[in-house]
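Trainee: This structure is in C-alpha cells; I'll ask about it shortly.
The values are calculated or read from the model by the stated rules, or taken from the named source; none is laboratory data. Remember, it's a predicted structure, so these values are computed and weren't measured experimentally. In this analysis, Cβ positions are derived from the backbone assuming ideal geometry, glycine residues included, and neighbour counts consider all displayed protein chains. What goes into the accessible areas is simple: the full protein's heavy atoms, side chains included, and nothing from ligands, DNA or RNA. Shrake-Rupley method; radii C 1.70, N 1.55, O 1.52, S 1.80 Å.
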Amino acid sequence: MQKRSDFYFKYPPNIHELDLATMVNMYRSRGEPRKAGPGQQFACAHGGHLLREAKWWFGLYYSQKTWDELLTKGSEGFPLTDVELNVLGMVYMSENEPPHREYVEKNSGVTEKLAYLIVNDLRSFGFLNEDDSGFLRIPPRGEKALHGIARRIYEKRFMPEMLGTFTPEDEPKIEQAQKEDKEQTSLF
C-alpha cells in the first residue's frame, strides 16, 4: 500500500550501525527538550526555523509546535513511527493466536535490539500486553494508537496491507505462455 504522508517520526535508516549502548542512549533521549548553547541555534528539521529550544529525535530537532503536530491521535504523547505500526499491526492481526515477542521483534522492520526496546516501551505505555510465555496482545488503547498512526501515514484505518510483512494470499497467479523451441527464420 502506498504511503500518503511522510509527516511522521522516522528512525534513521542506518541506525543498525550503532552499537547497543549508543542506540539505547539515543532511544531513551528522544523527545527530550534541548537548549542551544550561547550564540548557538537549532534548526527545526521540518520547517527549518531557527530555535533556541527544541525537542530532540535521533540527531534532529523539532520545535514544540511541530513535535505536537507529529504526535498522532491516540498516541497519548508517545512518538509513533512506521515501526510501531508494524509491531502493533502484527499483534492486532493475530488476535485469535497471539504472536510471540521474538516473532514480532524479528519482523518489525528494524534491528532486533531496537525492536526489543520498542516492544518494551509499548508494553510500559499500555499499548501492548505480554503474558508470562512472551505472547503479545493488543488492548483497546493500543488499537487507538495503531489506527492513529495508520491514518497519519495512509489516511485510513489500519489494514493488513499496511504491514511491512504483508504478502497477499489471494494474489492471482499469471501463467507464462509456453514457447515452442522453433528457430525463427531471419528476414534479412
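Trainee: So what's the back-of-envelope 222 nm ellipticity for the chain, counting only DSSP H runs of four-plus at -39500 (n - 2.57) apiece and dividing by all residues, rounded to 500?
Mentor: Result for the chain: -10000 deg cm²/dmol, rounded to the nearest 500.
Trainee: So what is the accessible area of the chain per residue, in Å², with the probe set to 1.4 Å?
Mentor: 64 Å²
Trainee: Please give the FRET efficiency for Lys106 paired with Glu32, using the beta carbon to beta carbon distance and R0 = 35 Å, rounded to the nearest 0.05.
Mentor: With R0 = 35 Å, the Cβ-Cβ based efficiency is 0.75.
Trainee: Please work out, to two decimal places, the log10 of the ratio I(q)/I(0) at q = 0.10, 0.11 Å⁻¹ from a Debye calculation in which every Cα of the chain carries one identical scatterer.
Mentor: For the requested q values the scattering log ratios are -0.49, -0.56.
Trainee: Same structure again: If you take the square roots of the eigenvalues of the alpha-carbon gyration tensor of the range 75-132 and sort them as a ≥ b ≥ c, do you get rounded (a/c under 1.5), prolate (a/b over b/c) or oblate?
Mentor: rounded
Trainee: What percent do you get for the relative contact order of the chain when only Cα pairs under 8 Å and 6+ apart count?
Mentor: 22 percent
Trainee: Please give the FRET efficiency for Phe7 paired with Glu53, using the beta carbon to beta carbon distance and R0 = 35 Å, rounded to the nearest 0.05.
Mentor: 0.95
Trainee: In the neighborhood of Lys106, defined by Cβ-to-Cβ distances under 12 Å, what is the net charge if each Lys or Arg adds +1 and each Asp or Glu adds -1?
Mentor: Once all neighbours under 12 Å are counted, the net charge is -1.
Trainee: How big is the range 4-91 in terms of Cα radius of gyration and Dmax, in angstroms?
Mentor: Calculated on Cα positions, Rg and Dmax stand at 14.0, 48 Å.
Trainee: Assign unit charges at the C-beta atoms only (+1 for Lys and Arg, -1 for Asp and Glu), then state the dipole size of the chain relative to its Cα centre in Debye, rounded to the nearest 20.
Mentor: Magnitude of the dipole: close to 1140 debye.
Trainee: Also: Sort Arg4, Arg52, Arg141 from largest to smallest accessible area, using a 1.4 Å probe on the heavy atoms of the protein chains.
Mentor: Arg4, Arg52, Arg141
Trainee: For the chain, with a Gaussian network of springs between Cα atoms less than 10 Å apart, report the residue from Val110, Val24, Val91 with the top mean-square fluctuation.
Mentor: With Cα springs under 10 Å in the chain, the top fluctuation among Val110, Val24, Val91 is at Val24.
Trainee: Then there's this: Express the Stokes-Einstein translational diffusion coefficient of the range 1-44 in µm² s⁻¹, to the nearest whole number, given a Kirkwood radius over alpha-carbon pairs, 37 °C and a viscosity of 0.692 mPa s.
Mentor: Translational diffusion coefficient: 242 µm²/s.
Trainee: From the residues Ser75, Tyr61, Met162, which one has its Cα farthest along the dipole of the chain in the positive direction, the dipole being from +1 and -1 charges on Cβ of Lys/Arg and Asp/Glu about the Cα centre?
Mentor: The residue sitting most towards the positive pole is Tyr61.
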